[in-house]
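Take a look at the structure below.
The values are calculated or read from the model by the stated rules, or taken from the named source; none is laboratory data. If you're wondering where the values come from, they're calculated on a predicted model, not measured in any experiment. Here the Cβ is made from the backbone with ideal geometry for all residues, glycine too, and neighbour counts use every protein chain on show. With ligands, DNA and RNA removed, areas are computed over all heavy atoms of the protein, side chains included. Shrake-Rupley method; radii C 1.70, N 1.55, O 1.52, S 1.80 Å.
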Amino acid sequence: MSLKRFLNQAVSSWMNEDGPASEIVLSTRIRLARNHNRYAFPTVFTKEEAEQTAQAMRTAVEQAGYPLEELKMQDLQGLEKRVLVEKHLISPNLAEDAGSSSVWLSDQEDISLMVNEEDHLRIQCLFPGLQLKEALRKALEIDDAIEKHFDYAFDENFGYLTTCPTNVGTGLRASVMMHLPGLMMTHQMNRIIPAIGQFGLVARGIYGEGSEALGNIFQISNQTTLGKSEEDITEDLLHVVDQIITQEKAAREALVKSSGIQLEDRVFRSYGTLRYSRVIESKEAAKCLSDVRLGIDLGFIENVSRSILNELMILTQPGFLQQYAGGFLRPVERDIRRASLIRERLEMDVSKDKGGSDL
Amino acid sequence: MCEVCAQDKGEAFMNDDGAFSFNHLLAGLLNVSPVMKQNQPTQNRRETVECSGCQMTFDQFLKIGKFGCPKCYESFRDQLPPILKRLHSGNTVHQGKLPERQGGTIHMKRKVSDLRVELKSLIEQEEFEQAATIRDQIRSLEKEIDGERGGADES
C-alpha cells in the first residue's frame, strides 16, 4: 500500500484539519458518560444484561438518525483495536472487552459512541483545534437524540448515574490537547500543573508514562463533573486554556528574543534527524516532531504542513506501524519502519512544494 | 509473518495500559485519618448497607471504587455526600443538564427554585407587583408538579 493511500485511510479529520487556535491547541474532546436505568453497570453485569444493553443501544442509535457504523470488539483483531486506541477512538479498556462491547463511528471519525465500556454508553466528539463549545453542542445533541429511545439512569440529586463516582452528575469530561514546547523549555509547566489543579482541572501528558509528556503534548481536562452545569465546566476549562495559550505564546516570543539562533538550530537539527535518520525510537521521534512543529509555527520551516505533529505522533505508534507494515514487527523493526514512514511523509510535503509528482 | 503473534502483541499492549489506581485512592480517601474513623458512627453501620438492586455492599463499593448498578446510588444515598464532596470540589448536587424526555417534573422543580430566588430578591427590592406575578407562577407550577406526581402514582 502506498503511504498516500495509507494516510487517506488512517488520518481522521481531527488530525489534519486546522481548527481555531491550532498553533497551540491540537484537538478538543468532549465525552459524556451515560447508563441505562434498568441494567447493572458493566462492572457486574451478566452476559445477558450486556447483550440486552447493546441491543437497546442499537435500537436507540439507529432511531437517532446519525450515520454511524458499529464495530463489534469481538469481530476485531488485536492490531485493529490497537489502531483504534492510538487514534483515540476507543479506550484501552474497551479494546480489552469482548462480549457485547462495541463502538459506533462516524465517517469522519469525529463522533464515536463506546458501548459497554466502563459505562453503558460513552459519547465522544473529537474536533480539531480549540472547539469546546462546538464539540459540547454536538455531544449534547447526540445525547438528546439517543435519550428519545433509551432510558437513562438519572437521579434528581446526583444527576446522570455513572459506574465510577468521579463521573457522576454531568458525566462530562472535556479535554483539550495542547502543544506546549515554550512552557516546557522555559521550565514553567511544573508551576502550571499544580495551579491548574486548584480549578478542578488536571493536566497530564498523553503520550509517555507518568509525568513525562512525549512531544510536549499535554491534555488539560476537568476533574469535577458534579455541581456545575456542562456550560460552566467547559467555560472554566476554556478560561484556563486561554491563559495557557497566552503564556505559551509569551514563552515562545521570549525564547526567540533571547536565544533565536539556538532555537532555530534545534529546530533544524530535529528536522534533519526526521528527514534523514534510518532508525528512530518513539521518544526521539516525538521530541523532533515537537521541535519541527514549533519551527513551523515560528516560521523557520515553511514547506512542511502543520498537521505533521498531530498526524505523525499517532501514525508512528506501534499499532499503526505494524498495520502499515502488514504484520507484526519487533521493536527494532518498528524503529526502522518509523524512520522510513517519517522520511516518506516529509518527502511528500517537499515534493508537493516543488510542484513535483508524488514520490 | 504470524498473525497470532501480532495479535498477542496487540492484546498485551492493551492490558498493561489500564493501570489506573483510582479505587485504591477512593478507599484511602474515606479512611484518611484513624481519628475520623472513630468519630463517625456511620462507619459501623455502613457494613450492613447493601444495594437493593445488585446486592453490592457499601464496603465492596469502597474497595473497587465502582458502583454495581444505578440503584446503588439510591441505596447508598446517605453515605455518598462525603465522598462526592471530596471528588467534586465540595459539590453534592447535580446542576447540569436534565434528560429531555425523562426529566419530567424535575424541569419544573428547577424552574420553581429559580423563581423562588427571583421572588426573594424582588421582595427585598420592594418590587411587590412583580413579586406577586412571580408568586402566582410558582403556585401554578407547583400545582402542575403535584398533578403529575398524582397521575404517576395512579398509573
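Consider region A:138-150 and keep the residues that are within 9 Å of chain B (Cβ to nearest Cβ) and surrounded by 17 or more Cβ atoms within 10 Å (Cβ to Cβ). The one that is farthest from the chain's Cα centre (by Cα) is A:E147. In region A:11-22, of all residues being open to solvent by less than 50 Å² (accessible area, probe 1.4 Å) and in a loop (DSSP other than H, G, I, E, B), the one that is farthest from A:S307 (Cα to Cα) corresponds to A:A21. Being farther than 30 Å from A:L309 by Cβ, among the aliphatic types (A, V, I, L, M) and touching a His at 6+ places or on another chain (Cβ under 9 Å) is a description that does not apply to A:A40. Restricted to region A:129-178, and to residues there that are in contact with a strand residue (DSSP E or B) (Cβ under 7 Å, 6 or more places away or on another chain) and among the acidic types (D, E), the residue that is farthest from A:S12 (Cα to Cα) is A:D151.
As for region A:227-247, it holds at least one residue that is open to solvent by less than 40 Å² (accessible area, probe 1.4 Å), outside any helix (DSSP H, G or I), over 27 Å from A:S307 (Cβ atoms) and not assigned by the TED database to the domain that holds A:S340. Is there a residue in region A:30-39 that is in the same structural domain as A:E118 (by the TED database), surrounded by fewer than 22 Cβ atoms within 10 Å (Cβ to Cβ) and among the hydrophobic types (A, V, I, L, M, F, W, C)? There is no residue in region A:30-39 that is in the same structural domain as A:E118 (by the TED database), surrounded by fewer than 22 Cβ atoms within 10 Å (Cβ to Cβ) and among the hydrophobic types (A, V, I, L, M, F, W, C).
Check region A:79-86 and report whether any residue there is over 19 Å from A:D110 (Cα atoms), buried (at least 20 other Cβ atoms within 10 Å of the Cβ) and assigned by the TED database to the domain that holds A:T162. Give the steps one after another, and end with the answer.
Initially, region A:79-86 is screened for residues over 19 Å from A:D110 (Cα atoms), giving A:79.
Restricting the remaining residues to those that are buried (at least 20 other Cβ atoms within 10 Å of the Cβ) gives A:79.
Filter once more, so that each one left must be assigned by the TED database to the domain that holds A:T162: A:79.
Among the residues of region A:79-86, at least one is over 19 Å from A:D110 (Cα atoms), buried (at least 20 other Cβ atoms within 10 Å of the Cβ) and assigned by the TED database to the domain that holds A:T162, which makes the answer yes.
Within region A:324-356, the only residue that satisfies the criterion of being at pLDDT 85 or above, within 14 Å of A:E302 (Cα to Cα) and not aliphatic (A, V, I, L, M) is A:E347. A residue that is surrounded by fewer than 17 Cβ atoms within 10 Å (Cβ to Cβ) and within 14 Å of chain A (Cβ to nearest Cβ) cannot be found anywhere in region B:117-135. Checked against the criterion of being of a type in the set (K, R) and assigned to a loop (DSSP other than H, G, I, E, B), the candidates A:R278, A:R293, A:R338, A:R334 yield just one match: A:R278. Quick check, is A:Q188 within 21 Å of A:E311 (Cα to Cα), open to solvent by 10 Å² or more (accessible area, probe 1.4 Å) and either touching a residue at least 40 places away in the same chain (Cβ under 8 Å) or among the basic types (K, R) (or both)? Here the answer is no, as A:Q188 does not meet what is asked.
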